[in-house]
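The values are calculated or read from the model by the stated rules, or taken from the named source; none is laboratory data. Given the structure is predicted, the values throughout are model-derived calculations rather than measurements. Cβ atoms come from the backbone with ideal geometry, glycine included; neighbour counts cover every protein chain shown. With ligands, DNA and RNA removed, areas are computed over all heavy atoms of the protein, side chains included. Shrake-Rupley method; radii C 1.70, N 1.55, O 1.52, S 1.80 Å.
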Amino acid sequence: MKQINNFFWFCSAVHQETLEKYPAEHNKYVGIGATIFFTALFAALSGGYAMYFVFSGGDFAILYSLLFGLIWGLAIFNMDRYIVSSINKNNSGWKQFLQATPRILLAILIGIVISRPLELKIFDKEIREQLKITYLDRQRANIDTLNKAFENKYSIELGKLNELKTEKDSVESTLKSDRLKLSLETFGDKTPETSGIVGYGHYAKQRQANLEKQEQYLENLRGTIQQQEAFIQQRKQFDGLLDEKLLTGAQLDSVVNVAGFANRNEALGDLKYNTDGSENTTNYWAITFIMLLFIFFECLPVFVKLMSARDAYDIDTQNAQSVHIHRATKHRDAEIEIIDEVHPIRVHSGIEKAKKEYIEL
């Protein structure tokens, strides 16, 4: 326990020899030191997790994330330790607050920064689903853009193909009607367009010949359409339209696994809104409160120091500081007096030396 206490005292940046004289204050500074330590620990975890996604897919991603997390945590630890130790409890509460204001503002910024990577981990499952939706939407938009560009580029060919298909549909409809009329003519059903004579007579033969011509024309028309469609398919292949396909489930999972920090951060922001653009209040407040929690946690070392009362350690530290200042002042005064006393002697000695040199000349 003594080693743990000494470590947390070190974290709180106290003068341990002075603090050991006041056992009643030990636990307070252990608490302050522990707060500083765990704040730095969370910062290290957050920074390392964020850097892991920056180098995701690389051979040394884990090594880089551990290294950056360690450096980031030490930087936050050193800054917290310095700021907390620089708050003078012997000043008034207002002056103490002014001393801590820059640190509090910086803590808000740091809290936002360190909370984001941990939010990404907390909402990892939801972010993955959101990334799948985002990737599919982007693919659809990309395919639509390519199709529109293709339609503009080959508008004449596509227009001709549509005309041929329209004509084919018209011919098929006419053939269907003429086959019915041939059947009625053969069976002798009287209509405004049939003779009413039973059997395969003159009028039936005429209709049969006309029907065969139309069928031959339809066959030629279908061949032309096939050629035109083959040409369009070749153009699509050449322009890369056929290579653009929506990702399957396994492919989506693979893409999501290598998604970078920026994409995941964007997906986390999208979770605050529904598909229709309205605000998703549940996700919005959940993400917001997590961020506020880390901001508060980052500000906690300063708040703990500000809330703590002036104690015997603070008084002893102030007294020691006053003694050191007084000693330094007296040392300065002594040095000045010595210089003042020695100065006339040095001047007289210099004059005598100059006179001797002048006489010798």
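Things worth noting here:
- Filtered residue count, the range 23-50, keeping only those that are of a type in the set (A, V, I, L, M) and open to solvent by 40 Å² or more (accessible area, probe 1.4 Å): 3
- Check on GLY69, in contact with a helix residue (DSSP H, G or I) (Cβ under 6 Å, 6 or more places away or on another chain), open to solvent by less than 30 Å² (accessible area, probe 1.4 Å) and more than 20 Å from LEU293 (Cα to Cα): yes
- ALA61 vs. criteria without any contact (Cβ under 8 Å) to a residue 60 or more places away in the chain, over 25 Å from VAL255 (Cβ atoms) and open to solvent by less than 50 Å² (accessible area, probe 1.4 Å): no
- Residues of the range 115-136 that turn out to be part of a helix (DSSP H, G or I), surrounded by 16 or more Cβ atoms within 10 Å (Cβ to Cβ) and of a type in the set (A, V, I, L, M, F, W, C), as a count: 4
- The range 93-114, residues that are of a type in the set (A, V, I, L, M), over 29 Å from ALA259 (Cα atoms) and open to solvent by 60 Å² or more (accessible area, probe 1.4 Å): LEU98, LEU105, LEU106
- Each residue in the range 246-300 was checked for being under 30 Å from THR35 (Cβ atoms) and among the aliphatic types (A, V, I, L, M), and 9 of them qualify.
- Residues (of a type in the set (S, T, N, Q) and over 35 Å from the mean Cα position of the chain (by Cα)) located in the range 1-44: GLN3, ASN5, ASN6, GLN16, THR18, ASN27
- Residue within the range 326-345 that is in a helix (DSSP H, G or I) and touching a residue at least 40 places away in the same chain (Cβ under 8 Å) present: no
- Matching residues in the range 260-290 - criterion: being open to solvent by 80 Å² or more (accessible area, probe 1.4 Å) and outside any helix (DSSP H, G or I): TYR273, THR275, ASP276, GLU279
- Tally, over the range 137-183, of residues that are open to solvent by 80 Å² or more (accessible area, probe 1.4 Å), touching a helix residue (DSSP H, G or I) at 6+ places or on another chain (Cβ under 8 Å) and over 29 Å from ALA230 (Cα atoms): 1
- Lone unmet requirement of (1) modelled with pLDDT under 70; (2) within 30 Å of ILE133 (Cα to Cα); (3) out of contact with any Phe, Trp or Tyr (no Cβ under 9 Å at 6 or more places or on another chain); (4) surrounded by 11 or more Cβ atoms within 10 Å (Cβ to Cβ) for LYS245: (4)
- Looking across the range 57-111, just one residue is among the basic types (Lys, Arg) and modelled with pLDDT of 80 or more, and that is ARG81.
- ARG310 being charged (D, E, K, R), touching a residue at least 40 places away in the same chain (Cβ under 8 Å) and open to solvent by 100 Å² or more (accessible area, probe 1.4 Å): yes
A quick yes/no check of all residues on (1) of a type outside the set (D, E, K, R); (2) buried (at least 16 other Cβ atoms within 10 Å of the Cβ); (3) assigned to a helix (DSSP H, G or I); (4) at pLDDT 75 or above:
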residue	(1), (2), (3), (4)
ASP189	no, no, no, no
GLU193	no, no, no, no
ASN220	yes, no, yes, yes
ALA230	yes, no, yes, yes
LYS236	no, yes, yes, no
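Here is a yes/no grid of residues against (1) without any contact (Cβ under 8 Å) to a residue 40 or more places away in the chain; (2) over 16 Å from the mean Cα position of the chain (by Cα); (3) more than 18 Å from ALA50 (Cβ to Cβ):
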{"site": "SER92", "(1), (2), (3)": "yes, yes, yes"}
{"site": "GLN99", "(1), (2), (3)": "yes, yes, yes"}
{"site": "LEU105", "(1), (2), (3)": "yes, yes, yes"}
{"site": "GLY111", "(1), (2), (3)": "no, no, no"}
{"site": "LEU118", "(1), (2), (3)": "no, no, no"}
{"site": "ASP124", "(1), (2), (3)": "yes, no, no"}
{"site": "GLN130", "(1), (2), (3)": "no, no, yes"}
{"site": "LEU136", "(1), (2), (3)": "no, yes, yes"}
{"site": "ARG140", "(1), (2), (3)": "no, yes, yes"}
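- Within the range 1-18, residues that are part of a helix (DSSP H, G or I) sit with their Cβ atoms under 6 Å from residues that are surrounded by fewer than 18 Cβ atoms within 10 Å (Cβ to Cβ), at 6+ positions apart or across chains, in these pairs: PHE8/ALA34; TRP9/GLN16; THR18/ASP316.
- Answer residue from the range 74-90, given it is part of a helix (DSSP H, G or I) and of a type in the set (Val, Ile, Thr) and is nearest to the chain's Cα centre (by Cα) among those: ILE76
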